[in-house]
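Read the structure below first, then the notes.
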């Protein structure tokens with residue numbers, strides 16, 4: 001076998017992350033001269049499998065119900081032992097991040113996460129990732145195989161469609177549910193339909209916003225005008241002004257919008273680590289020396305309280 | 001409830017990028033003028049443990065570090081925050097051991113320290129940010145693991161864990177023993193210890209072990225790179241020059257800002 005396997009939790013569908021994951025997997029498989037396979041878990045696996053079959057050589061679906069950490073890990077371990085891939089690539093959702101090191105351990109491989117590049121040098125897998133909160137970049141050599149790697153899937157280009165669609169198979173696994181740990185309630189806090197990571201425009205607020213109200217009264221109407229999603233810095237989330245799901249940064253969402261509008265965000269490196277793949281960054285900040293401006297395409301040095309209401313007026317006028 | 005919290009001492013990640021230097025040979029950051037601090041997510045874990053103990057009125061909290069001799073300061077601070085016991089495993093080999101090495105050392109130290117119901121780590125460290133200690137430690141100890149937890153409550157003999165997901169949150173019920181990785185939220189911002197408690201903490205006993213005191217393959221641990229190795233470390237060049245929008249009045253400047261936004265988004 002020794003293929004490259006990508007592993008996906010099906011709930012998000014064939015989104016930008018799934019497409020980027022397949023693209024990264026295909027390029028790695030090509031450089032190894034091997035096939036690209038996909039493992040799809042969870043509800044929605046069959047729909048996602050048919051989309052994936054257009055870009056991967058073989059899809060295996062696992063009918064394991066909703067994600068449970070221990071049961072899912074056991075299923076994935078068993079399947080990977082049967083398939084014995086050289087590399088397993090996962091995306092950067094919660095479940096993939098949680099499962100990656102444990103899967104590597106069970107397979108006797110090496111794991112690494114948050115990769116922006118994966119390639120093979122001779123027999124050795126090498127990955128590139130940001131370290132020190134985005135201040136530096138490291139190339140890491142994996143010493144064991146399989147390489148089990150979660151990547152910033154959305155920043156990878158998608159794969160080209162195949163001439164002939166790949167085969168779809170359902171895995172026959174017999175995994176008893178693990179009763180030690182189980183998820184008893186799942187709550188989705190979404191902002192409309194799109195996810196922050198899929199957003200084309202993001203309006204984001206930081207500590208300088210000063211409280212929860214301006215997020216509602218000032219930033220939200222601006223975001224609505226731009227068809228944007230809302231984000232926030234860690235400081236704003238830790239203050240409890242907005243939900244933690246809005247957090248952008250090293251330990252929050254890694255986003256890839258066309259425009260990231262940072263309002264009253266200083267731009268600490270851990271925050272910048274979450275937006276390094278944004279096409280354009282713009283900022284509104286009172287401090288001309290704020291680090292955020294070093295990463296901006298354009299910006300304005302001014303109190304956001306003065307700028308944002310006026311900006312909304314100007315945007316409405318331009319819409320006409 | 002016997003709780004163990006793993007702490008990592010790191011270079012202060014808040015130092016400005018302009019002061020950040022790397023040692024291209026050793027493949028690590030230069031200390032420079034930066035302070036050594038406890039990794040913030042480890043402190044979030046400790047704070048979560050302290051609140052759990054306060055809420056339930058009982059429990060013992062042990063803090064554990066694997067690191068340089070300076071890591072004693074992280075443990076003393078944790079004692080000042082009112083952890084009960086502290087243990088330091090001195091790293092006398094590779095100062096940046098890979099995640100599997102760290103997990104093996106921590107697992108061996110935990111076995112030697114006793115039996116714990118709840119083993120807590122931070123979700124990742126502010127230096128290398130690998131985010132693997134929790135998962136690998138769970139595998140080394142043969143325990144279940146839940147990541148990105150921000151609140152823990154006792155429910156009979158079991159634990160209720162609230163954890164953040166990329167789309168919201170989940171509530172889990174788990175048997176003990178369990179390994180939990182903790183993330184930040186508004187409730188677990190670490191408390192500041194009193195000056196008096198910091199001074200007092202230096203009088204408290206602190207267990208100190210070397211690698212040789214633990215049941216691990218000492219040579220492999222000292223090499224610290226059987227799992228992965230940093231082959232290159234660099235500071236990426238950023239080439240971005242910010243255009244500060246110009247105009248005689250605020251109105252004109254914001255008008256330009258609006259036009260720039262429309263240009264790059266084409267959303268209107």
At 25 °C and 0.890 mPa s, what whole-number value in µm²/s does Stokes-Einstein give for the translational diffusion of the protein assembly as shown, with Rh from the Kirkwood sum over Cα pairs? 99 µm²/s
I'd like the orientation of helix A:304-319 relative to chain A: the angle between its Cα long axis and the longest Cα principal axis, in ° from 0 to 90, rounded to 10. 80 degrees
Taking 1 over the mean of 1/r across every pair of different Cα atoms in chain B, what Kirkwood radius in Å do you get? 20.6 Å
Average silhouette area of the range B:1-82, convex hull of alpha-carbon atoms, in square nanometres: 6.1 nm²
Overall Cα dimensions of the range A:137-289 - principal axes, largest extent first, Å: 58, 38, 35
Here the range A:72-145 gives, from Cα atoms, an Rg and Dmax in Å of 12.8, 40
What order do you get for B:200, A:272 when you list them from fewest to most C-beta neighbours inside 10 Å? B:200, A:272
Find the all-direction average of the projected area of the Cα convex hull for the range A:1-93, expressing the result in square nanometres with one decimal place. 5.2 nm²
Run through all the Cα pairs of the range B:164-247 and give the fraction in each 10 Å bin from 0, expressed as whole percent. 9, 14, 21, 36, 13, 6, 2
Crossing angle, helix A:69-83 versus chain A [Cα axis fit, 0-90 degrees, rounded to tens]: 50 degrees
Rounded to the nearest 10 degrees, the helix A:16-32 long axis (Cα) sits at an angle to the longest Cα principal axis of chain A of 50 degrees
When B:25, B:262, A:307 are ordered from fewest to most other Cβ atoms inside 10 Å of their Cβ, what list results? B:25, B:262, A:307
Average partner coverage of A:248-255, which counts Cβ from other chains inside 10 Å: 3
Let me know the mean shielding of A:289-300 by other chains, meaning the per-residue number of their Cβ atoms within 10 Å of its Cβ. 5
Both in Å, the radius of gyration and Dmax of the C-alpha trace of the range B:87-205 are 15.9, 46
Hey, what's the Cα Rg ratio for the range A:237-320 versus the globular rule of thumb, 2.2 N^0.38 Å? 1.13
Largest first and in whole Å, give the semi-axes of the range A:4-170's equivalent ellipsoid, each being the square root of 5 times a Cα gyration tensor eigenvalue. 22, 18, 15
What the 10 Å binned alpha carbon P(r) of the range B:200-240 shows, as percent of pairs per bin from 0, is 18, 24, 22, 22, 12, 1
Pop out the Kirkwood hydrodynamic radius of chain A from its pairwise C-alpha distances, inverse of mean 1/r, in Å to one decimal. 20.8 Å
From DSSP H assignment alone, runs of 4+ in the protein assembly as shown each adding -39500 (n - 2.57), the sum over residues rounded to the nearest 500 puts [θ] at 222 nm at -8500 deg cm²/dmol
Taking 8 Å as the Cα distance limit and 6 or more residues as the minimum spacing, I'd like the relative contact order of the range A:221-320 as a percentage. 22 percent
Taking A:150, B:209, A:241 and counting other beta carbon atoms within 10 angstrom, the fewest-first order is B:209, A:241, A:150
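FYI, it's all coordinate maths here, none of it is from the lab. On a predicted model such as this, the values are computed, not experimentally measured, just so you know. Heads up, the Cβs are rebuilt from the backbone with ideal geometry, glycines too, and the neighbour counts pull from every protein chain shown.
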